[in-house]
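The values are calculated or read from the model by the stated rules, or taken from the named source; none is laboratory data. Bear in mind that the values here come from a model prediction, so they are computed numbers and not experimental data. Every residue, glycine among them, receives a Cβ derived from its backbone with ideal geometry; neighbour counts consider all protein chains shown. To get the accessible areas, we keep the full protein, side chains included, count just its heavy atoms, and leave off ligands, DNA and RNA. Shrake-Rupley method; radii C 1.70, N 1.55, O 1.52, S 1.80 Å.
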Amino acid sequence: MYAFGLCIDRQYLLPGLAAVTSLTDSLTPAARRGAALRVLTMDLPPAHALLLAHLAKRCGFGSFDLAYRPPLAASHMADDSYITITTYLRFEFTRDFVRRPYLIYLDADTHVRDDITSPLASLQPGRIGAVADEFNPAVGACPALPGAADRWPHWRGRPYYNAGMLWAHTADIPAMRQGVAGALVKHRAHILHNDQDALNLWLLRTGRVHPVPSRFNRFETGRFLERGEWVRRVVHRSLRPDPSAALVHFVGPEKPWSSLCPPTDDVRDYRAHLRTTNRHVRRLGAVGAWQ
């Protein structure tokens with residue numbers, strides 16, 4: 001019924017492998033057999049593509065496929081401090097490649113802790129499921145979409161959504177891709193957070209968003225508290241680890257697989273999972289293949 005989609009480049013192979021194994025832990029064996037795993041990349045060498053295929057088989061996914069795609073021709077990196085143009089590949093999934101009625105897209109810098117498929121049950125055709133962004137809660141009240149609230153005052157205060165988790169009917173992906181491409185061409189002045197801003201411009205114009213509860217894309221905030229108090233001013237919830245989170249998203253430049261990342265509780269949990277992923281890789285006889 002559904003496929004999980006990831007976009008992985010050379011830089012994100014290790015977290016991509018960890019995302020696959022965390023998906024594995026979140027599903028029953030029967031659900032894994034019925035699910036597909038789809039990966040888009042620009043630059044993974046054949047050995048890394050083969051490693052992903054073997055890991056998907058070992059984890060019990062019923063179908064795996066990987067394809068090489070270029071990003072949208074209009075792709076624009078307003079902020080490339082730690083994000084590469086691979087981020088635009090999230091809009092390059094196609095019906096022929098997915099071969100499932102639904103696509104659940106997730107960023108590679110995520111840790112799946114519980115079932116993330118349940119939002120599909122209420123997703124209507126024509127809508128894209130997304131979670132409100134914890135660091136950019138509303139248009140005009142955050143750095144995202146600079147100038148948009150002045151140009152379109154009726155958008156002021158509307159929710160702004162994070163693109164790190166998306167739920168879609170596969171048939172609706174072409175319209176999303178076309179809308180994002182149009183926003184990049186027509187409204188580049190309002191683009192700060194790259195493809196995520198472009199996606200929000202399309203969602204604001206069309207109203208085609210299906211809001212998904214926050215537990216399905218919960219930001220890990222402890223790393224930011226290690227560096228300053230600003231996060232307390234923008235995140236309107238307890239900043240302690242959320243045991244109800246179905247998915248923890250490690251946004252920002254400091255990633256949990258880096259030794260320089262502050263060792264918060266969620267980071268330690270991720271690193272424990274990463275050790276499990278490394279054991280999977282060793283059993284595949286691929287020690288060092290991703291290093």
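Is it true that some residue in the stretch 91-103 is farther than 19 Å from residue 170 by Cα and in contact (Cβ under 8 Å) with a residue 24 or more places away in the chain?
no
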* Has the stretch 172-186 got any residue that is surrounded by 19 or more Cβ atoms within 10 Å (Cβ to Cβ) and outside any helix (DSSP H, G or I)? -> no
* To do: Give just the number: which of (1) open to solvent by 20 Å² or more (accessible area, probe 1.4 Å); (2) of a type in the set (A, V, I, L, M); (3) part of a helix (DSSP H, G or I) does residue 231 not satisfy?
  => (1)
* List, please: which pairs have Cβ atoms under 9 Å, are six or more places apart or on different chains, and start with a residue in the stretch 205-224 that is free of Cβ contacts under 8 Å to residues at least 12 places away in the same chain and assigned to a loop (DSSP other than H, G, I, E, B) and end with one that is open to solvent by less than 40 Å² (accessible area, probe 1.4 Å) and among the small types (Gly, Ala, Ser)? -> none
* To do: Return only the number of the condition from (1) of a type in the set (A, V, I, L, M, F, W, C); (2) over 24 Å from residue 131 (Cα atoms); (3) at pLDDT 95 or above that residue 73 does not satisfy.
  => (3)
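Return the residues of the stretch 1-31 that are in a loop (DSSP other than H, G, I, E, B) and either surrounded by fewer than 24 Cβ atoms within 10 Å (Cβ to Cβ) or among the small types (Gly, Ala, Ser) (or both); say none if nothing qualifies. First the steps, then the outcome.
Going through the stretch 1-31, the residues in a loop (DSSP other than H, G, I, E, B) turn out to be 1, 8-9, 27-28.
Correct list: 1, 9, 27, 28.
Find the residue count for the stretch 66-76, including only residues that are closer than 23 Å to residue 21 by Cα and open to solvent by 50 Å² or more (accessible area, probe 1.4 Å).
Step one: filter the stretch 66-76 for residues closer than 23 Å to residue 21 by Cα, giving 66-68.
Narrowing the set further to residues that are open to solvent by 50 Å² or more (accessible area, probe 1.4 Å) leaves 68.
Total satisfying the criteria: 1.
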* Structure fact -> Across the stretch 245-257, the tally of residues that are at pLDDT 95 or above and surrounded by fewer than 18 Cβ atoms within 10 Å (Cβ to Cβ) stands at 1
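Considering the stretch 32-48 alone, what residues qualify as being surrounded by 17 or more Cβ atoms within 10 Å (Cβ to Cβ) and hydrophobic (A, V, I, L, M, F, W, C)? Full working, then the answer.
From the stretch 32-48, those surrounded by 17 or more Cβ atoms within 10 Å (Cβ to Cβ) are 32, 35-42, 44, 48; that's our starting set.
Residues satisfying the conditions are 35, 36, 37, 39, 40, 42, 44.
Listed residues 96, 79; which is open to solvent by 30 Å² or more (accessible area, probe 1.4 Å) and outside any loop (DSSP other than H, G, I, E, B)?
On the way: 79 fails: outside any loop (DSSP other than H, G, I, E, B).
Checking each option against the conditions leaves just 96.
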* Which listed residue is of a type in the set (A, V, I, L, M), assigned to a loop (DSSP other than H, G, I, E, B) and on the phi < 0 side of the Ramachandran plot, from 149, 141 -> 141
